[in-house]
Amino acid sequence: MKIYLDTGNIEEIKHAAETGLLNGVTTNPSLIAKEGRPFKEIIKDIAKMLSKHTKDFTVSAETTSTDWEGMVKEGLAYAKYDKHVIVKVPLTPNGLIACQKLAKKRIRCNVTLCFSPNQALMAAKAGAYIISPFVGRIDDHGGHGMDLIEEIRTIYDNYEFKTNILVASVRSPDQVRDAALIGADIATIPYKIFQKMFYHPLTDKGNAQFLADHAKYQAALAKK
Ligand code: E4P
């Protein structure tokens, strides 16, 4: 399963990319707004940062038009920022028209704000490269986000759709585990969740014990 970072923050991306375990970055207008820098500059900087660590990555950049013509225009411009850019369009009728137009021009789309299996089916039929179901926001509203991932996996497998299932709106490491067990293709996660995924108290305890025993043994040898 690929792991993306869900952020527009270049420092977070730098630290995560240094691990060699990052396959991409997703942004959205809210994340970009937090950075207080021009959109184009942020997207280009993210691509430059990731390219220092891997040749195989994507950066999702979201359109903000409401008509499909505007989305296509934005998408064509974003695709020129960097060859790894994927154009994010919302799961609306206009978003899916834009997705088809851009796919015909070999520009890959990440169809975002997916909350139902039927929406995911429509996005796959529109030629989406990525579908982004928002599991955390479903859970926030009393639903079961992971059920949606399972349903989309089944539908895509039934009809051999190649669209990648990207688990978005992740709130905990457990959701990443569940996504992997279901067979999602990608999870996009905030930096704090990325950091937590390395952690287990028994790893720290075991490591501390091994290092202490090693130091004791070295000290004993030195005295001989
Ligand atoms: C996905 O690409 C979105 O940027 C993101 O996962 C939304 O997450 P949120 O619900 O935490 O805002």
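What is the extension gain from residue 224 to residue 208, computed as 0.36 nm multiplied by their sequence separation minus the C-alpha to C-alpha distance, in nm to one decimal?
3.3 nm
When only C-alpha pairs under 8 Å and at least 6 residues apart count, what is the relative contact order of region 1-68, in percent?
37
Enter the accessible area per residue of region 1-112 (Å², integer; probe 1.4 Å; all protein chains in place).
Each residue of region 1-112 exposes 48 Å² on average to a 1.4 Å probe.
Show that you can apply the helix-only estimate: for the chain, add -39,500 (n - 2.57) for every DSSP H stretch of four or more residues, divide by all residues, and state [θ] at 222 nm to the nearest 500.
That calculation yields -17000 deg cm²/dmol at 222 nm.
Counting pairwise Cα distances across region 108-224, what percent come out greater than 18 angstrom?
Summing the P(r) tail past 18 Å for region 108-224 gives 58 percent.
Between residue 69 and residue 216, what is 0.36 nm times their sequence separation minus the Cα-Cα distance? Round to one decimal in nm.
Here the segment from residue 69 to residue 216 would lengthen by 46.0 nm.
For region 2-199, rounded, prolate or oblate, judged on the Cα gyration tensor with a ≥ b ≥ c (square roots of eigenvalues), a/c < 1.5 rounded, else prolate if a/b > b/c?
Here region 2-199 falls in the oblate category.
Quick one: compute the contact order of the chain, relative version, from alpha carbon pairs under 8 angstrom and 6+ residues apart, as a percent.
17
Can you send over the carbon and sulfur percentage of the accessible area for region 73-224, probe radius 1.4 Å, protein chains only?
56
Using only alpha carbon pairs under 8 Å that are at least six residues apart, calculate the relative contact order of region 45-111 and give it in whole percent.
In percent, rounded to a whole number, it is 31.
What does a probe at residue 141 reach in region 101-124, counting residues whose amide N is under 20 Å from the point 7 Å along Cα→Cβ?
111-124
Just grab the label-to-label distance for residue 34 and residue 103, each label 7 Å out from Cα along the Cβ direction, in nm (one decimal).
3.1
What shape does region 1-77 take by its C-alpha gyration tensor, where a ≥ b ≥ c are the square roots of the eigenvalues and a/c under 1.5 counts as rounded, a/b above b/c as prolate, and the rest as oblate?
It comes out prolate by the Cα gyration axes.
What is the distance in Å between the Cα centroid of region 44-74 and that of region 125-157?
Cα centres, region 44-74 to region 125-157: 22 Å.
The values are calculated or read from the model by the stated rules, or taken from the named source; none is laboratory data. Please read these numbers as outputs of a predicted model, since none were measured by experiment. No Cβ is skipped: glycine too gets one built from the backbone with ideal geometry, and neighbour counts run over all protein chains shown. Side chains included, ligands, DNA and RNA excluded: accessible areas come from the protein's heavy atoms. Shrake-Rupley method; radii C 1.70, N 1.55, O 1.52, S 1.80 Å.
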